[in-house]
Amino acid sequence: MKVVFQAFIGSIILHVFYFVSTMIVGSIKTSQYKPGIENAWGQAETLQNEGVFGKVISPSVYLVSL
């Protein structure tokens with residue numbers, strides 16, 4: 001039982017570290033972001049020509065297939 005408890009605590013510590021580090025990296029990237037309107041206008045044409053085609057299946061279909 002002691003090993004299970006230690007694994008549970010270790011898992012919680014790793015998850016907290018992962019989420020906190022993700023939030024810190026995101027906040028740093030957000031604070032350092034400087035939009036470039038000139039560059040964005042040059043990429044507008046290529047964005048209009050790119051698209052993904054396919055079909056979407058409801059997630060409930062995956063649950064039923066289990």
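The values are calculated or read from the model by the stated rules, or taken from the named source; none is laboratory data. Bear in mind the structure is a predicted one, so any value in this text is a computation, not a measurement. Just the protein is used for accessible areas: all its heavy atoms, side chains included, with ligands, DNA and RNA removed. Shrake-Rupley method; radii C 1.70, N 1.55, O 1.52, S 1.80 Å.
Quick check on my filter: what residues within region 16-41 are part of a helix (DSSP H, G or I) and open to solvent by less than 100 Å² (accessible area, probe 1.4 Å)? The answer is VAL16, VAL20, SER21, THR22, ILE24, VAL25, GLY26, SER27, ILE28, SER31, ALA40.
A residue that is modelled with pLDDT under 75 and open to solvent by less than 100 Å² (accessible area, probe 1.4 Å) occurs somewhere in region 46-62.
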